[in-house]
């Protein structure tokens, strides 16, 4: 029981520490702290700082794994708890995932600058387009998704005209790697009923939409923070 308590407390303390540190970093205003710097340079610096925090978070998670392994080797109840934690990590995307699936490539169309503004807008990949692909893939039985190497989880936000996923700035082309039943995924995504707007814009405005099956794919673990709004102890 004592070992199990140590395991739970270490997890909670680590989670609170990482969450507070990450939120403090995310809330820092680039205008307030770098008012004299060029905006692009400030954004690049913020991205480097975020990457540093990701590395620190990865290190802390490795340390936590070591604590859990040690506790599990000393106490049977702690071993059972660790098994359940590992299952939850898989469900939450906190561990790498491999298997068959599909790869979807989205890219902006190459219209001339003289094209009507509305046509240019319709030739560009927006965050909603990526979200639509997510939803179609989940419905078809996807087990995991990554975009340009960034794992998608329930904590993932895909927002903005300049697309950001998990806080990381993304630029086209967008490579969506989906692990799951390849046949079902390919059939669903190729169905004319699915992704109708994307397919129409691909035909009319040159937006690139490619869907390919793959026998083996590798997804990385989610490397960002886990926002916790409410927690109930499982006693």
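Some observations on this one:
- Residues 139, 199, ranked from the fewest to the most other C-beta atoms within 10 Å, line up as 139, 199.
- Full extension of the segment from residue 90 to residue 210, taken as 0.36 nm per residue of separation minus the current Cα-Cα distance, would add 40.4 nm.
- Model label sites at residue 191 and residue 76, defined 7 Å from Cα along the beta-carbon direction, differ in position by 4.9 nm.
- Label zone of residue 118 (point 7 Å out along Cα→Cβ, amide N under 19 Å): in segment 184-220 this covers 197-207.
- Residue-span extension gain [residue 132 to residue 203] - 0.36 nm each, minus C-alpha spacing: 23.8 nm
- Spacing of the two label points (7 Å from each Cα toward its C-beta) at residue 155 and residue 184, in nm: 2.7 nm
Readers should treat all values here as calculations from the given coordinates under stated rules, not as data from a laboratory. Source: prediction; values computed, not measured. Neighbour counts run over all protein chains shown; Cβ positions are idealised from the backbone, glycine included.
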